Amino acid sequence: MNKFGEQDRRIVAVAVPAFFALVSEPLMLLADTAIVGRLGTSELGGLAVASSVLLTVVGLCVFLAYGSTATVGRLHGAGQERAAYDGAAGGLWLAVGLGVVLGALVAATAGPVARGLGSSPEVEGHAVTYLVVSAAAVPAMLLVLAATGALRGVLDLRTPLVVTILANLLNIALNLLLVHGFDLGIGGSAAGTAIAQWAAALCLVAVVLRRARAAGSSGRPDVAGVVAAARQGVPLLARTATLRAALLLGTAVAATFGDAPLAAHQIATSLVSFLAFALDAVAIAGQTLTGRTLGAGDAEGTRALTRRMIVWGLGTGVVAAVLLLVLAPFVGGWFTPDATVHDALVPALVVVALVQPISGVVFVLDGVLIGAGDGVYLAWAGLAVLVAYAPLALLAGSLGAGLAWLWAAYGMFQLARLVTLWLRQRGDAWLVLGA
């Protein structure tokens, strides 16, 4: 019993601060959604399109955080401090290079992308404005991922937590000031969020580089280190691409239902993103503790932690489901006064709620396998699940079935992920020991 109590304390010590750090982007998006929603339905629809693109771009690069956590955690667990921070520095420089390229790409393709995903000319115009302004902050978003992942690897969850809280407060203040104080509309919302993201990035990078120098790592650009970080990230990039493709496909299908359902889909997606990052707090414990225990050569300890984290994942999923079911009739009013949006939103949220217990276990197992460095399996499994999900989502759109059925297809997507992850964790192929 004491053994399980010790496991719980280790999980909570990582998961609780990770929860607040993980929800940084969803909280910023929720704040943007609430503030922009008061401008009008077309503005909210524009934010739906723009945020889907930005979340896809940044989500594809989440390997910067996951890869850093796994690498730094394993080396730190093996007692190789300098090598751990060398790996962290490589991830930071990779984030800078990718951020500049992807930011320029977002700005250059804002028009065509908005036309492809928008449900009306008004929505497209607002989406372009938000994307062009936000493109300047893409490097900051990626730096936050890489720096946060490195700090998790050395079990520093406090620094990302403090920076996250301050960044979100700054984001809300700037959004209110620029959108309603200076009447800058949706562009003001994008600018306020961009400034907050850069402030967070600079703070976190400064902490990582200072500790790297203290550990004997220069922190300067090293081609071999950057290439190693990129090579490790490729399978995680492929895995994440399948997840983002599923969400982007959902937005494209929702746009065929009209402006109000698309706006409702934006609210639902924002809430799902918030819950996903919240559930992922236990998965971050999985990444961090799995990397450390495998680095220390403790296979049995890794198994025991995995079993306990599955229980935590299921429990957090049930709590999330109950909260959504209770709030579903009221939450739409927090974002927009449009009754047609509310009508489309409520049944979709009920479906989302029913999926949460499955999602809780999925995120835990995904985190454990990421911490173990099992990215290749995750990439192939993700592709198989996407192939199964796409026809269901497209069928919902072609039949005009509505938002609830689209989210029901998402539920089948999560169920398929659970099957692939559960089968993998039952074997031993992912239990690779040592640094």
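The values are calculated or read from the model by the stated rules, or taken from the named source; none is laboratory data. Source: prediction; values computed, not measured. Please note: Cβ atoms are built from the backbone with ideal geometry, for glycine as well, and neighbour counts cover all protein chains shown. Areas reflect the complete protein model, heavy atoms only, side chains present, ligands, DNA and RNA absent. Shrake-Rupley method; radii C 1.70, N 1.55, O 1.52, S 1.80 Å.
A few notes on this one:
- Rg/Rh for the chain (Cα atoms only, Rh after Kirkwood) is 0.96.
- Mean ellipticity per residue at 222 nm, deg cm²/dmol - from DSSP H runs of n ≥ 4 across the chain, formula -39500 (n - 2.57): -29500 deg cm²/dmol
- For the chain, the Cβ-based charge dipole about the Cα centre amounts to some 1240 debye (Lys, Arg positive; Asp, Glu negative; other atoms uncharged).
- Axis of helix 138-153 versus longest Cα principal axis of the chain: the two differ by about 40°, to the nearest ten degrees.
- Dipole orientation for the chain: of the candidates Ala89, Thr251, Ala268, Ala89 has the Cα lying most toward the positive pole (charges on Cβ; Lys, Arg +1; Asp, Glu -1).
- Two-decimal Rg to Rh for the stretch 312-435 - Kirkwood Rh, Cα set: 1.07
- GNM flexibility winner over the chain from Leu403, Leu39, Leu294 (Cα, springs under 10 Å): Leu39
- Extents of the stretch 132-177, largest first, come to 37, 21, 5 Å (Cα atoms, principal axes, whole angstrom).
- Computed Kirkwood radius, in angstrom, where 1/r is averaged over Cα pairs of the stretch 207-296: 16.9 Å
- The stretch 365-431 - convex hull of the alpha-carbon atoms, volume per residue in Å³: 69 Å³
- Taken over the stretch 59-126, the convex hull of the Cα atoms encloses 79 Å³ per residue.
- The stretch 294-385 - percent relative contact order, Cα under 8 Å, separation 6 or more: 38 percent
- Tilt relative to the chain, helix 24-37 - C-alpha long axis, 0 to 90 degrees, to 10: 10 degrees
- Ligands, DNA and RNA excluded, the heavy atoms of Arg307 present near 130 Å² of accessible surface to a 1.4 Å solvent probe.
- Sorted peptide list for 226-237, 59-70, 347-358, criterion being average Cβ within 10 angstrom, highest first: 59-70, 347-358, 226-237
- Projection of the Cα convex hull of the stretch 170-220, averaged over all directions and equal to a quarter of that hull's surface, yields 3.9 nm².
- Highest GNM mean-square fluctuation among Ala281, Ala390, Ala31, for the chain modelled with Cα contacts below 10 Å: Ala390.
- Sum of side-chain charges, Thr293 neighbourhood, beta-carbon under 12 Å (Lys, Arg +1; Asp, Glu -1): +2
- Degrees, to the nearest 10: 259-295 long Cα axis against longest axis of the chain: 0 degrees
- Taking only Cα atoms of the stretch 32-179, radius of gyration then Dmax in Å: 17.7, 57
- Surface accessible to a 1.4 Å probe, Arg417 within the full protein complex, Å²: 20 Å²
- Residue with peak Gaussian network fluctuation, the chain [Cα springs, cutoff 10 Å], from Leu47, Leu395, Leu157: Leu395
- Extent along principal axes [Cα atoms of the stretch 151-243; Å; largest to smallest]: 48, 36, 23
- Contact order normalised by residue count of the chain, Cα under 8 Å, 6+ apart, percent: 24 percent
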